[in-house]
Each structure stands twice: as C-alpha cells, then as structure tokens.
Ligand SMILES: [Zn+2]
C-alpha cells in the first residue's frame, strides 16, 4: 500500500502512531534538505519500547520514524525537523549527517550470539534460528548471526522511502554503518540496502539501453558520485579496479555509469571496452 506524506511533514493515516518528541525543534537549514535517508536498526526488543525510549527528553537520540516487525509505524519527529539519529558521522565532504537526513529505525535486535539452538541479542533476548541471517557485514571480514527483518517491515520501509523520495529531493539512501563505520553496524547485512537504493534511486534510461557502451575501471579504486565534480557526494562505495560499467552519459570529463549502483566517475579512469 502506498504511503502519503502530509504538508505537516507527517505520514498520513490512522494507523500511524504519533509519539510526542518535544526535544527536536530545529528546522533543516536549506530548502533542498533533507536530501538523504539514513537506515538504522534499533537494537531493541520492540518498536513501541524503542519509540518511547527515543522520544524521552533525557535521551540524546531520536529518529523520525520507527518501523515495527508487523509494519506498524511510529512517527516521533516531522520530516522537516532535524532528528538525532546519526551522531558523529560523515559522508563525502559532509559531517553531522543529522543536518541533511531523515532517520528511519527498524525494530531489529542487530547482531546475535549463537548459544545452543538459540540466538541471543546484546540485551539478552533470545531468537529462534528461523529469525536469523548468517552473513558478513560490509565493514567486516567474517560472517556472523544477525536478526532478520520481516518481509512486511521491509515492504513498509520501501513504501515510506518511495513516498519520501517523491516528496523531498532525496538523492541518497545510506546505512548508519556507512556514515559512522567502526562505531555503528546498523542496519547490517540482513537489510537489503544496495537493492533498496538501486531499485529506488536508479534512473533507468531507455535511450541508454538502446546504445550500450561499456567500460572497465582502470584505477585501483574509483570514487562514484551523485553528480559530476570532485566535491560532489559519493553515491556508493568506490568502484574496484576492473569493474565493468555501462556508460550512460558523458559530460566534461565525467561519465555517468551504471554497475550495481549508478553515479558519476572521472572518465580518465574508465577504459571503453567491447562487450
Ligand atoms: Zn543507527
């Protein structure tokens, strides 16, 4: 079901739980903001308890919304007000990502430790194996157990992102783990972050499909950006050497390319190939 956003910057509908969170009052500072969505897990035991905790005046954290495992939605902060979900964070040449972004929390226990046939969260709650995912985090090298998200919850998150992208000028969807690596691991490998942003933010161009041109990355790592220019925001992790990309557009020494993600790269570091 599609999600609607009101002119009061709230998710419309009787089924949304509005939770008073009076500590957040600062408006985003520029008309083009927010332009980013940050995805989180709560590492809590229920959406209600996480929403209540984040709304407390004595807690130095908050988020715009919390999505429950049954797809219930709690809104704490209107989308035009800065919330405190990102903490110390940076992305591209930006610091303090709270000032640019909407924070979406999903009710999820995070990393789990296997003990016999059960899986234990950091706060002591146990989960059955069918609620776990064994996967390697993008910032780590070894796989471990993570609490699975529910299908209803992921579908609701996607619907909310679609609504936010059309209501605001959203250019980026990032994980907390990408803007505060080392400090944060959410939303973790159980969340389909790359699929979500590729599905929702890729502009599929029919004319580019008609004339496919491919290239191969020659640099050891190649930054990929939202717009052509060295100071533009990164749209994803840097592309690895030999990555094959589809070239969609060329402008002033930059190629717009598509691989698992899409963005602008310096054309000097892409060798055209026949494929
Ligand atoms: Zn987080």
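The residue pairs whose first member lies in the range 152-171 and is modelled with pLDDT of 95 or more, whose second member is surrounded by 15 or more Cβ atoms within 10 Å (Cβ to Cβ) and assigned to a helix (DSSP H, G or I), and whose beta carbons are closer than 6 Å, counting only pairs six or more residues apart or on different chains, are 161/200.
Which one of these is touching a strand residue (DSSP E or B) at 6+ places or on another chain (Cβ under 7 Å), within 20 Å of residue 191 (Cβ to Cβ) and not assigned by TED's automatic domain parsing to the domain that holds residue 226: 134, 123?
Details: 123 fails: touching a strand residue (DSSP E or B) at 6+ places or on another chain (Cβ under 7 Å).
Only one candidate passes the filter, namely 134.
Would you pick out the residues in the range 100-156 that are over 30 Å from residue 2 (Cα atoms), within 16 Å of the ligand (Cβ to nearest atom) and outside any strand (DSSP E or B)? If the condition is that a residue be over 30 Å from residue 2 (Cα atoms), within 16 Å of the ligand (Cβ to nearest atom) and outside any strand (DSSP E or B), then 121, 122, 123, 137, 138, 139 are the ones that fit.
Among the residues examined, residue 91 qualifies as within 16 Å of the ligand (Cβ to nearest atom) and at pLDDT below 95. The listed residues are 11, 81, and the only one of them that is farther than 22 Å from residue 237 by Cβ and either buried (at least 20 other Cβ atoms within 10 Å of the Cβ) or not assigned by TED's automatic domain parsing to the domain that holds residue 197 (or both) turns out to be 11. Considering only residues of the range 138-151 that are out of contact with any helix residue (DSSP H, G or I) (no Cβ under 7 Å at 6 or more places or on another chain) and surrounded by 13 or more Cβ atoms within 10 Å (Cβ to Cβ), which is modelled with the lowest pLDDT? Ranking the candidates gives 140 first.
The single condition among (1) in a strand (DSSP E or B); (2) more than 16 Å from the ligand (Cβ to nearest atom); (3) buried (at least 18 other Cβ atoms within 10 Å of the Cβ) that residue 17 does not satisfy is (3).
Inside the range 214-275, counting only strands (runs of 3 or more DSSP E) that do not spill past its ends, which hold 1 or more residues that are under 17 Å from residue 199 (Cα atoms) and not assigned by TED's automatic domain parsing to the domain that holds residue 173?
244-251, 254-258, 262-266
The values are calculated or read from the model by the stated rules, or taken from the named source; none is laboratory data. A quick note: this is a predicted structure, and the numbers were derived from the prediction, not measured. FYI the Cβ positions are ideal-geometry reconstructions off the backbone, even for glycines, and counts take in every protein chain you see.
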